[in-house]
């Protein structure tokens, strides 16, 4: 379990170590008690240390998915420990070392249960990717841009509801439509609590978006999807996202939600330091075609696409390792830039970059080991091997 007793000394012998701003060859990452102790060209291996030979592989900071609903038949809203454990183990197989279980628009009691379960499971720990907190996506959205969110439960933000959610101490991110009356106050209140705010499922105009930024919004949910689009006389949410240096653009890189050419434009406009790759994956991820539930609505999965009966996209079946490969191909970017968008920027977007998102002394020993085809070979969370392609 990632929350268990002290981890042993771990030495990862890296053929290629990819960091956001540099690439190093034939170096060692040494971790103790789950934290990186040093990165050194040469090391005398301590007695009893776990040595991981990655000299033929690529080593990078582990992926962080800040917007993901489920996988393998499990969904955050199921509110069971088995659900979160299933998600944790599956995500680790795909290079994820940390994630935010994400809720959907629902009745208050259903969101209450989901948040309580996230809090309880965080306290106990999971076997795979670490849970960093919860992402509340909805219910404070705009019905005009509801997408696959159930419109019957969309409502304005009210302190009597959201203050209780924040009091749990595990809410890391909230998606909100700032144009709805009462929602700007919630942005201000959340910002004071150190909670990240994403503009999403929003029909706001540009000026309203910039007011939301002034109140504390720091990112945009699944850019171009569920938001007022870009127009040359009214930039809307998309235009605010592309033009504001204060907004990180979440991007679903499945080649379905956003065309690869648009991904390239977003990365050029924002820079990798302001793009956070997400999956927005739902419970069908890792499974085959069929019909699946999402908040009481039936989602039809055909090929890699998940849609409601009306044709609206309903999350994705994307995994973070595929997302990593896709953004490299679409943007023509380096491994370093892809690592930034899949690890470093997501960590900064939810204010955990003091310990997550890159590898340096004093930070958590969260690593993904990839082969030359960028397939995950091993995933290490706080110095513990939680996935090994040869043994799992």
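Among the residues of segment 116-132, those identified as more than 10 Å from residue 79 (Cβ to Cβ) and touching a strand residue (DSSP E or B) at 6+ places or on another chain (Cβ under 6 Å) are 122, 128, 129, 130, 132.
Take residue 52 and decide whether it is surrounded by fewer than 24 Cβ atoms within 10 Å (Cβ to Cβ) and over 26 Å from the mean Cα position of the chain (by Cα). The answer is yes for residue 52. Kindly indicate the residue of segment 134-157 that is assigned to a loop (DSSP other than H, G, I, E, B) and closer than 18 Å to residue 196 by Cα and also nearest to the chain's Cα centre (by Cα) among those meeting that condition. Per the stated criteria, the residue is 138. Check segment 314-329 and report whether any residue there is closer than 14 Å to residue 148 by Cα and surrounded by fewer than 21 Cβ atoms within 10 Å (Cβ to Cβ). No; the residues of segment 314-329 include none that is closer than 14 Å to residue 148 by Cα and surrounded by fewer than 21 Cβ atoms within 10 Å (Cβ to Cβ). Among the residues of segment 185-207 satisfying the criterion of being out of contact with any helix residue (DSSP H, G or I) (no Cβ under 7 Å at 6 or more places or on another chain) and under 16 Å from residue 235 (Cα atoms), which is surrounded by the fewest Cβ atoms within 10 Å (Cβ to Cβ)? Taking the candidates together, the pick is 207.
Under 17 Å from residue 149 (Cβ atoms), in contact with a helix residue (DSSP H, G or I) (Cβ under 7 Å, 6 or more places away or on another chain) and in a loop (DSSP other than H, G, I, E, B) - does that describe any residue in segment 290-304? Looking through segment 290-304, at least one residue is under 17 Å from residue 149 (Cβ atoms), in contact with a helix residue (DSSP H, G or I) (Cβ under 7 Å, 6 or more places away or on another chain) and in a loop (DSSP other than H, G, I, E, B). At least 2 residues being more than 22 Å from residue 318 (Cα to Cα) is the threshold, and among the strands (runs of 3 or more DSSP E) wholly inside segment 1-116 those reaching it are 10-18, 23-32, 35-40, 50-61. Count of segment 158-178 residues, restricted to those that are closer than 21 Å to residue 67 by Cβ, in a loop (DSSP other than H, G, I, E, B) and more than 19 Å from the chain's Cα centre (by Cα), is 3.
None of 251, 247, 287, 294 is touching a strand residue (DSSP E or B) at 6+ places or on another chain (Cβ under 6 Å) and under 19 Å from residue 71 (Cα atoms) except 251. When 86, 45, 80 are screened for being in contact with a helix residue (DSSP H, G or I) (Cβ under 8 Å, 6 or more places away or on another chain) and either surrounded by 23 or more Cβ atoms within 10 Å (Cβ to Cβ) or without any contact (Cβ under 8 Å) to a residue 40 or more places away in the chain (or both), only 80 passes. Residues that are under 13 Å from the mean Cα position of the chain (by Cα) and surrounded by 24 or more Cβ atoms within 10 Å (Cβ to Cβ): does segment 357-375 have at least one? Within segment 357-375 (the criterion being under 13 Å from the mean Cα position of the chain (by Cα) and surrounded by 24 or more Cβ atoms within 10 Å (Cβ to Cβ)), the answer is yes, since at least one residue qualifies.
Does residue 220 satisfy the condition of being under 19 Å from residue 65 (Cβ atoms) and touching a strand residue (DSSP E or B) at 6+ places or on another chain (Cβ under 6 Å)? Yes: the conditions hold for residue 220. Here the condition is being within 18 Å of residue 97 (Cβ to Cβ) and in contact with a helix residue (DSSP H, G or I) (Cβ under 9 Å, 6 or more places away or on another chain); of 360, 338, it holds for 338 alone. Look at residue 234 and say whether it is within 19 Å of residue 349 (Cβ to Cβ) and surrounded by fewer than 17 Cβ atoms within 10 Å (Cβ to Cβ). So residue 234 fails the test. Is it the case that some residue within segment 191-205 is modelled with pLDDT of 95 or more, within 25 Å of residue 82 (Cα to Cα) and either in the same structural domain as residue 105 (by TED's automatic domain parsing) or in a strand (DSSP E or B) (or both)? Scanning segment 191-205 turns up no residue that is modelled with pLDDT of 95 or more, within 25 Å of residue 82 (Cα to Cα) and either in the same structural domain as residue 105 (by TED's automatic domain parsing) or in a strand (DSSP E or B) (or both).
Please enumerate the residues belonging to segment 261-284 that are in a helix (DSSP H, G or I) and touching a strand residue (DSSP E or B) at 6+ places or on another chain (Cβ under 8 Å). Once the filter is applied, which keeps residues that are in a helix (DSSP H, G or I) and touching a strand residue (DSSP E or B) at 6+ places or on another chain (Cβ under 8 Å), segment 261-284 yields 263, 266, 267, 270, 274. Across segment 237-263, the qualifying residues are those that are crowded, with 19+ Cβ neighbours inside 10 Å and out of contact with any helix residue (DSSP H, G or I) (no Cβ under 9 Å at 6 or more places or on another chain), and the one among them that is farthest from residue 178 (Cα to Cα) is 257.
The values are calculated or read from the model by the stated rules, or taken from the named source; none is laboratory data. Note that this is a predicted model, so its numbers are computed, not measured. For neighbour counting, all protein chains shown are included, and Cβ atoms are generated from backbone atoms with ideal geometry for every residue, glycine included.
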